[in-house]
Amino acid sequence: MNDSFNHIIHPKEDDKTFITSYWTERAKDFRKLREKELQSPKLLLWRDELVKHMEGKSNLRILDIGCGAGFFSIILSQLGHTVMGIDITPNMIEESKLLAQSVGSTAQFAVMDAENLNFDDNTFDIIVARNVTWNLPHPDQAYKEWLRVLKSGGMILNYDAEHAKNHHHLPQSVHNAHEHIKSELLEKCHTIYHMLSISGTDRPEWDKQLLESYDATVTIDSTVGPRIYAEEDEFYIPVPMFLVKAIKNF
């Protein structure tokens with residue numbers, strides 16, 4: 001690993017417990033929101049977004065990291081792929097199973113840490129993630145693990161945003177993904193922003209340089225947010241979303 005990335009500070013172990021407790025409190029409402037999203041125009045937008053990177057390939061083995069309530073897992077399983085969704089929060093996995101069952105999805109789910117994967121090397125064709133990396137205590141370790149379980153020539157599609165930066169100064173929107181969250185939970189989310197070192201990095205440039213140091217070919221797409229979140233609705237994310245796409249070269 002390039003020495004220039006050694007500035008990433010590894011937080012205390014109980015930081016991960018704090019993060020998990022936040023998502024535990026959000027799990028049930030999060031599933032309800034994803035259920036609505038699966039019935040909204042966002043479904044087609046995200047499906048088209050994911051499909052364009054698959055290059056017509058079928059029955060891929062896909063790992064959905066930090067799957068939450070299983071939105072990506074469900075979409076990809078319905079496209080005919082073999083999908084495993086993982087999340088460190090047990091309540092989220094329970095909600096993802098409920099949602100998947102309700103729509104007849106074949107996706108499988110398991111409780112697992114995104115930074116310590118219980119899979120063999122070279123297992124998956126594609127790894128997907130949405131709004132995950134920003135709340136990882138050890139993102140450098142996570143990326144290393146993701147590449148480990150990816151097949152040679154396999155692909156990471158990591159959709160994320162700089163949620164922590166300037167979160168006190170975001171423009172007010174009528175509707176957004178946080179509009180129904182209790183103020184105490186929002187404060188907990190803001191605490192996560194402040195306690196993780198990734199919040200102070202310049203992204204997605206940081207991701208690109210790190211992944212390239214791990215021998216991956218990386219491209220960045222900064223148009224994802226404007227394309228998918230052009231409308232201020234209950235799924236709206238005011239922070240511009242980007243895609244970090246990485247191809248494993250080893």
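The values are calculated or read from the model by the stated rules, or taken from the named source; none is laboratory data. Given the structure is predicted, the values throughout are model-derived calculations rather than measurements. Cβ placement follows ideal geometry from the backbone for every residue including glycine, while neighbour counts extend to all protein chains displayed.
Listing for the model above:
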read-out: Those helices (runs of 4 or more DSSP H) lying entirely in the range 176-250 with at least 2 residues under 30 Å from Gly153 (Cβ atoms) and β-branched (Val, Ile, Thr); value: 224-228
read-out: Selection within the range 182-202 - polar (S, T, N, Q) and either surrounded by 15 or more Cβ atoms within 10 Å (Cβ to Cβ) or at positive phi (or both); value: Ser197, Ser199, Thr201
read-out: Boolean, Gly104 is closer than 22 Å to Asn122 by Cα, free of Cβ contacts under 8 Å to residues at least 12 places away in the same chain and assigned to a loop (DSSP other than H, G, I, E, B); value: no
read-out: Members of the range 124-146 found to be touching a Gly at 6+ places or on another chain (Cβ under 9 Å), surrounded by fewer than 22 Cβ atoms within 10 Å (Cβ to Cβ) and not in a strand (DSSP E or B), listed by number; value: Asn131, Val132
read-out: Qualifying residue in the range 86-98 (condition: charged (D, E, K, R) and either assigned to a loop (DSSP other than H, G, I, E, B) or modelled with pLDDT under 95 (or both)); value: no
read-out: Residue check for Asp29: surrounded by 15 or more Cβ atoms within 10 Å (Cβ to Cβ) and part of a strand (DSSP E or B); value: no
read-out: The range 208-224: number of residues that are in contact (Cβ under 8 Å) with a residue 60 or more places away in the chain and either more than 26 Å from Lys144 (Cα to Cα) or touching an Asp or Glu at 6+ places or on another chain (Cβ under 8 Å) (or both); value: 2
read-out: Residue list for the range 104-123, filter: aliphatic (A, V, I, L, M) and surrounded by fewer than 16 Cβ atoms within 10 Å (Cβ to Cβ); value: Ala110, Val111
read-out: Matching residues in the range 114-136 - criterion: being at negative phi and more than 14 Å from the chain's Cα centre (by Cα); value: Asn116, Leu117, Asn118, Phe119, Asp120, Asp121, Thr123, Phe124, Asp125
read-out: All positions within the range 83-103 that are surrounded by fewer than 16 Cβ atoms within 10 Å (Cβ to Cβ) and among the polar types (S, T, N, Q); value: Gln101, Ser102
read-out: Filter result (buried (at least 23 other Cβ atoms within 10 Å of the Cβ) and either in a helix (DSSP H, G or I) or on the phi > 0 side of the Ramachandran plot (or both)) within the range 56-74; value: Gly66, Gly68, Gly70, Phe71, Phe72, Ser73, Ile74
